[in-house]
Amino acid sequence: MDYKFSEIEKKWQKYWDDNQTFKAGTDLSKPKFYGLVEFPYPSGHGLHVGHPRSYTALDIVSRKKRMQGYNVLYPMGWDAFGLPTENFAIKNKVHPKDVTEQNIANFKRQLKSIGFSFDWSKEVNTTDPNYFKWTQWIFLKLFEKGLAYKQEMPVNWCTSCKCGLANEEVVNGVCERCGGEVVQKLKSQWMLKITEYAQRLIDDLDDIDFIEKVKIQQKNWIGRSEGAEIDFALTTGESLTVYTTRADTLFGATYMVISPEHPIIEKYKDKIENLDEIKAYQLEASKKSDFERVELAKDKTGVEIKGIRAINPVNDKEIPIWISDYVLMTYGTGAIMAVPAHDTRDFEFAKKFNLPIIQVVAGDNCDLEKEAFTNVSEGVLMNSGFLDGLQVKDAIAKMIEFLSEKGVGKKKVNYKLRDWVFSRQRYWGEPIPLVYCEHCGYVPIPESELPLTLPDVENYEPTDDGQSPLAKMTDWVNTTCPKCGAKAKRETDTMPQWAGSSWYFLRYIDPDNSDAIASKELIDYWMPVDWYNGGMEHTTLHLLYSRFWHKFLYDIGVVNTKEPYAKRTSHGMILGANGEKMSKSRGNVVNPDEIVENYGADTFRTYEMFIGAFDLATPWSEQGVKGCHKFMERVWGLLDFVKQDDNYSSDLESLMHKTIKKVSDDIEKMKFNTAIAALMSLINDFYKKKEITKGELKTFLQLLNPTAPHITEEMWEIMGFEKTIAETPWPEFDESKTVDAEIEIVVQINGKIKDKITVPQGTSKDELEKIGAENEKIKALTEGKQIVKVIAVPNKLVNVVVK
RNA sequence: GCGGAUGUGGCGGAAUUGGCAGACGCGCUAGACUUAGGAUCUAGUGAUUUUAUCGUGGGGGUUCAAGUCCCUUCAUCCGCACCA
């Protein structure tokens, strides 16, 4: 009988659909498992072979959990707002809604063809008004609690298109579309105070099971540092505050540097003697993003501000103030005290502009001719008056104490994390549900008016002055103030794509609820997400944003858990066959449809899991796909030599138990490749014997079912086993039968293998030492040499050390 | 630049976390079957000067024992806040 994968797969996909096999149960007394994968952005390119890597992995876990008796929720949806759809709409004069609809239909068809056990009754779509009603509702709550505010922020501004650009649309400093020059322009933007949650976002990582590198990356991104704010008096009579983590080096501060955007320039413009030069420098700096400014840090630029000087509070010395773009307005206070002897960037700057370098920390390996001395752990203070002789750590504390007493400094915790720029001047996003009234300021629209839907516009391009295309819809924009009834205007900015994805896991729980995000009872049952898998590239933005929103929802009593995700894992990228990232321009893109069509979904799923270590990047290989297809053929071929015996055959009994154990453990540890290898190895044994008992086949099919669900269902049916395989319990193993009675032990001399012996399981250390020393081969080889010692490790080896 | 990772046969990768390096798969070689083979089956397959020696990006170290731990160095990949 041929393996007709196409027929088999269609048959079972229809069966699952018709029977709603994978619909989450309503029995809330059962133990639950909520598996989550990042929902895709339905792009026009269709599904990428990278998507199914994550989806198959948690599909396997979810299918196994169902077999283990859990009530499983494994949902899928669409993160459908976004720039590419909008750009496509602009170019082709179609409504983004229509583009989105088509793309979703295509994605859904593709996902179904791979046989994922998603509960499609829970499907969500971030662009559906019934969905974004609640995105807007959350925004209003944030606004109500003072966590949304407006601030002037730099945006990428194309001087020729006259519109704001996403970072991605800026290529080598010019506009991707028209090649025009891009500068940083200040624009008033809605911001969310994620920084208010910074400490909790760090602290609560301790209580959740995220892979370590995700925790580390999040912590570094939040970037907590303990330091001090110090006020430097200015010759204008007022003062300038800096942030530093090295208050101990204050005696070595020989100049100050402020960011080009620092407000004191505007404030003291009358006193600045070289204002033209400063203005010119500011303009240059506006052409660079923060990233470029810091990246190009090796070639420092800057201008001294003439006419104002600062006074070092610790020794009352007058020092110059410079302006330079290596100081960022977005971190600390936008101003620093420069200590060239002990900070690499300050050192480079001082060398370039011949500014004085005063050493205040002594230590070994300190060569100030070459580089700054930044070693904190070894340093001892010098040239620093009352701090001399102290260790850096103690000196910092003493200095802060001194400054506090003088009233010119205090301890300060700082975070690199910046508030979340939440507005976009775009069409294809959730409208921000606020109204601007001249009398009342920004007023939220009443909850009863949610969702605030997008009006139809004629074209989707931003206005000439960079406003959202919504600004042109005067009928929509002009409204009345919900508070005082006067004429008012709607906010025309929309939300970023991140908004809808910051809470989607809650909506899956109860997607049709029109009164709340989801019913309280269901939230209490299903949350938190038990296992969330996604890409490392989402670690610092999406993952942090959604944790922030969830904490906020916890604070206002909507959810019952502090954290949304109990466990987070991550998959590696699938690269093109040439080892490079898959992209249209490189011509190395693999279309999942072709693989499913030519080899079948089961082969595709198996290969995606067998391709390599789950968390590492791996190149695609068509040959590898063929290898997995051959495995499927061999699985199918087992039907040719089934022996009517419900037990395991005696020679394979131990291996069967070991394999159940290995596959079960490996799936939990996401070592899918070795789980499959174990099944391949087992099938080789069946083929060697040209025999498999019914009992062995049953277990084998169950172990393979989560990975290759269609073929295993079909074979299960052909064999006439009870129920469908998905409804059967996961195989059990007997620990005692996984242990071999006899074990092969390696015998070494000085760590080199000389012989192998077989001993009973658990042979003691003493016995092994004896056996090792008396081994014939060893005796012969150690003849005339002195045996220094014998090391024995039970069940592993004996090592004879000789001189 | 900062942060995170990776480096093992011709290729993708295993290695119970310090204890037999190369499981499993691809490719390759030989044989069987066949009118035929880019099908299937069986066997072999790290290198070499093959009783043995060498071998996990390079260099150094710790240890009875290192792919695994430490120091150092090189290369590659991911993220860097308006791509998703």
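The values are calculated or read from the model by the stated rules, or taken from the named source; none is laboratory data. Note that the structure is a prediction, hence the values are computed from the model and not measured. Ideal geometry is used to build each Cβ from the backbone, glycine not excepted, and the neighbour counts take in all protein chains shown. These area figures cover heavy atoms from the full protein model, side chains too; ligands, DNA and RNA do not enter into them. Shrake-Rupley method; radii C 1.70, N 1.55, O 1.52, S 1.80 Å.
Things to note:
- A:Ala577 versus A:Glu537: modelled label distance in nm, points set 7 Å from Cα along the beta carbon direction: 2.3 nm
- In segment A:647-720, trypsin sites (Lys or Arg not before Pro) in a DSSP loop with at most 15 other beta-carbon atoms within 10 Å: A:Lys669, A:Lys690
- For chain A, DSSP calls about 75 percent of its internal beta bridges antiparallel.
- Surface accessible to a 1.4 Å probe, A:Asp367 within the full protein complex, Å²: 60 Å²
- For the residue pairs A:Lys185/A:Lys483; A:Lys108/A:Lys626; A:Lys581/A:Lys630; A:Lys213/A:Lys393, the C-alpha atoms sit more than 31 angstrom apart in A:Lys185/A:Lys483.
- Environment charge at A:Glu261 (Cβ cut-off 10 Å; Lys +1, Arg +1, Asp -1, Glu -1): -3
- Only protein atoms count toward the accessible area here, which uses a 1.4 Å probe; on segment A:246-395, the carbon and sulfur part of that area reaches 51 percent.
- Stokes-Einstein diffusion for segment A:32-181, with the hydrodynamic radius set to the Kirkwood value over Cα pairs and evaluated at 10 °C in a medium of 1.306 mPa s, equals 86 µm²/s.
- Note that segment A:586-721 carries a Kirkwood radius of 15.6 Å, evaluated over its alpha carbons pair by pair.
- Distance between segment A:337-399 and segment A:132-191 - C-alpha centres, whole angstrom: 40 Å
- To put it simply, the accessible area of segment A:631-745 at a 1.4 Å probe is 45 percent carbon and sulfur.
- Once the 1.4 Å probe is applied to the protein heavy atoms, chain A comes out at 45 Å² accessible per residue.
- Distance between segment A:688-763 and segment A:555-573 - C-alpha centres, whole angstrom: 36 Å
- Computed Rg/Rh of segment A:212-361, alpha carbon atoms with Kirkwood Rh: 0.97
- Among the listed pairs A:Lys520/A:Lys671; A:Lys661/A:Lys756; A:Lys145/A:Lys187; A:Lys688/A:Lys737, those beyond 29 Å (Cα-Cα): A:Lys520/A:Lys671
- Sites A:Met1 and A:Val802 - FRET efficiency at Förster radius 60 Å, r taken between beta-carbons, to 0.05: 0.45
- Under a model in which nothing but the beta-carbon of Lys, Arg (+1) and Asp, Glu (-1) is charged, segment A:341-465 shows a dipole of about 720 debye around its Cα centre.
- Neighbours of A:Tyr508 by Cβ distance under 10 Å: Lys/Arg scored +1, Asp/Glu scored -1, total -1.
- Pair A:Leu283, A:Asp645: separation of 7 Å Cα→Cβ label points (nm): 9.0 nm
- In straight-distance terms, cross-link reach from A:Lys352 covers every one of the lysines whose alpha-carbon lies under 19 Å from its own, apart from those fewer than eight places away in the same chain; here that gives A:Lys298, A:Lys300, A:Lys306, A:Lys370.
- Placing +1 on the Cβ of every Lys and Arg and -1 on the Cβ of every Asp and Glu, with no other charges, gives chain A a dipole of roughly 560 debye about its Cα centre.
- Segment A:779-803-segment A:509-525 distance, computed between alpha-carbon centres (Å): 68 Å
- Counted charge near A:Gly332, where neighbours are those whose Cβ lies closer than 12 Å (Asp, Glu -1; Lys, Arg +1): +2
- On segment A:558-598, 47 percent of the accessible area sits on carbon and sulfur atoms, based on a 1.4 Å probe.
- Highest-first arrangement of A:541-547, A:211-217, where packing means the average Cβ count within 10 Å: A:541-547, A:211-217
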